[in-house]
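Trainee: Have a look at this one before I ask anything.
We did not get these values from a lab; they are worked out from the coordinates using the rules stated. Predicted, not measured: the structure shown is a model, and the values here were computed from it. In this analysis, Cβ positions are derived from the backbone assuming ideal geometry, glycine residues included, and neighbour counts consider all displayed protein chains.
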Amino acid sequence: MGRILEGSIEKSWRLRSTLDDLARVQEEIQAFCAAQHVPAETLHDVRVALDEVLSNIIRHGYSLVEGEIAVQASVSAEAVLLEVRDRAQPFDPLEAPEPNLRLDFGDRPDGGFGIYIVRRLMDGVEYSYESGENRLRLERRIKRPLAGRGETGPRGGSET
Amino acid sequence: MPLSIQWSERQKPGTVPTTVIKFEGELDSTTSPPATKQLTPKLAEGSNFVEIDLSGLTLISSAGLGVLIYISKTLAARGAQCYITNAQPQIQKVFDIVQAAKGMSLFSSTKELDDYLASVQRKMTGKG
């Protein structure tokens, strides 16, 4: 985490803290990762995590007041790394309490699952507050092919 | 990716009448608020047995889980049951993370649900 993957291909986006911009970045991340042949399961997990993180910043970080968010994605043969930065008030999502999974699903309060899901889908999540910015780094490793089954890896990191 | 929600009614021989709500697309932060708005007036009507068919759902985030919880609570308030069917592997993975099976009726296929509903019907009619 916090590292530059060798041979990785990177792309950055800037968005306003709105659901319209969230949807736009999601579409562009999907296209970017698909072009690098990121496996579908990996891409799904990355996009779910991004939905959780960005919607948290929009609703809680900026409290529905418009602000700016920066997203950087790096794809290599090994992993997809995401770094999400915002200038909302300092907020460490990793300190959010875990949801009460002992309750029946239908009896649970709305919300509270988001960061829990992110932590379970990602292989690494790191938060820091630097230079007036919340910085959240997410890593989803890409599983290597297993003798004719499982996910296939991306094309490789040497193409830029 | 946009979300579409289709409604239909069905009753196979030997089973109870069922309302089917079929989701296609992605249920996330962007699509969940309009989905809830679309569902609200319709959940008050229909059969007491409701199938939530997720065969066409390709992504679900916590916002989408909130929609399913909303459906479950709204139906329970009028005494109706809801059953989730056909969750694709990536959706099932999220369900497993949040232990959705605790309190929700998940069926791997519509046929599995039909078999269950047929057994309910037999009990209701006293045949078996």
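Trainee: Conditions first: (1) more than 14 Å from every other protein chain (Cβ to nearest Cβ); (2) in a strand (DSSP E or B); (3) out of contact with any Gly (no Cβ under 8 Å at 6 or more places or on another chain). A:ARG140 passes all but one, so which condition is the exception?
Mentor: (1)
Trainee: For segment B:39-58, give me each residue that is surrounded by fewer than 16 Cβ atoms within 10 Å (Cβ to Cβ) and in a helix (DSSP H, G or I).
Mentor: Scanning segment B:39-58 gives B:THR40, B:PRO41, B:LYS42.
Trainee: Ok, one more. Which one of the conditions (1) more than 25 Å from B:THR125 (Cα to Cα); (2) surrounded by fewer than 19 Cβ atoms within 10 Å (Cβ to Cβ); (3) not hydrophobic (A, V, I, L, M, F, W, C) does B:SER62 fail to meet, given that it meets all the rest?
Mentor: Evaluating B:SER62 over (1) more than 25 Å from B:THR125 (Cα to Cα); (2) surrounded by fewer than 19 Cβ atoms within 10 Å (Cβ to Cβ); (3) not hydrophobic (A, V, I, L, M, F, W, C) leaves (2) as the failure.
Trainee: B:PHE23 passes all but one of (1) more than 14 Å from every other protein chain (Cβ to nearest Cβ); (2) in contact with a Phe, Trp or Tyr (Cβ under 7 Å, 6 or more places away or on another chain); (3) closer than 30 Å to A:GLN30 by Cβ; which number fails?
Mentor: Only one criterion in (1) more than 14 Å from every other protein chain (Cβ to nearest Cβ); (2) in contact with a Phe, Trp or Tyr (Cβ under 7 Å, 6 or more places away or on another chain); (3) closer than 30 Å to A:GLN30 by Cβ is unmet by B:PHE23, namely (2).
Trainee: Considering only segment B:41-61, state which residues are farther than 26 Å from A:HIS44 by Cα and either within 14 Å of chain A (Cβ to nearest Cβ) or among the aliphatic types (A, V, I, L, M) (or both).
Mentor: B:LEU43, B:ALA44, B:VAL50
Trainee: Could you check how many residues of segment A:116-137 are closer than 25 Å to A:ARG87 by Cβ and either away from chain B (no Cβ under 12 Å) or assigned to a strand (DSSP E or B) (or both)?
Mentor: Residues that pass the stated criteria total 14.
Trainee: Still on this structure, please answer the following. Being away from chain B (no Cβ under 11 Å) and within 24 Å of A:VAL65 (Cβ to Cβ) is the filter here, so list the residues in segment A:7-27 that pass it.
Mentor: Hits for segment A:7-27 are A:SER12, A:TRP13, A:ARG14, A:LEU15, A:ARG16, A:SER17.
Trainee: Working carefully through the options B:GLN38, B:GLN90, B:GLN81, find the one that is over 16 Å from the mean Cα position of the chain (by Cα) and of a type in the set (S, T, N, Q).
Mentor: B:GLN90
Trainee: Residues A:ALA79, A:ALA96: which one is surrounded by 15 or more Cβ atoms within 10 Å (Cβ to Cβ) and without any contact (Cβ under 8 Å) to a residue 60 or more places away in the chain? Give the derivation first.
Mentor: Numbers: A:ALA79 fails: without any contact (Cβ under 8 Å) to a residue 60 or more places away in the chain.
It is A:ALA96.
Trainee: Hey, could you check segment A:54-76 for residues that are surrounded by fewer than 18 Cβ atoms within 10 Å (Cβ to Cβ) and within 18 Å of the chain's Cα centre (by Cα) and say which is nearest to A:ALA35 (Cα to Cα)?
Mentor: Within segment A:54-76, the subset surrounded by fewer than 18 Cβ atoms within 10 Å (Cβ to Cβ) is A:59-60, A:63-68, A:70, A:72.
Filter once more, keeping what is within 18 Å of the chain's Cα centre (by Cα): A:59-60, A:68, A:70, A:72.
Values: A:ARG59: 31, A:HIS60: 32, A:GLU68: 26, A:ALA70: 21, A:GLN72: 16 Å.
This residue is A:GLN72.
Trainee: Do you know which residues across segment A:32-69 are out of contact with any Phe, Trp or Tyr (no Cβ under 9 Å at 6 or more places or on another chain), within 9 Å of chain B (Cβ to nearest Cβ), of a type outside the set (A, V, I, L, M, F, W, C) and within 18 Å of A:MET122 (Cα to Cα)?
Mentor: Selection gives A:GLU41, A:HIS44, A:ASP45, A:ARG47, A:ASP51, A:SER55.
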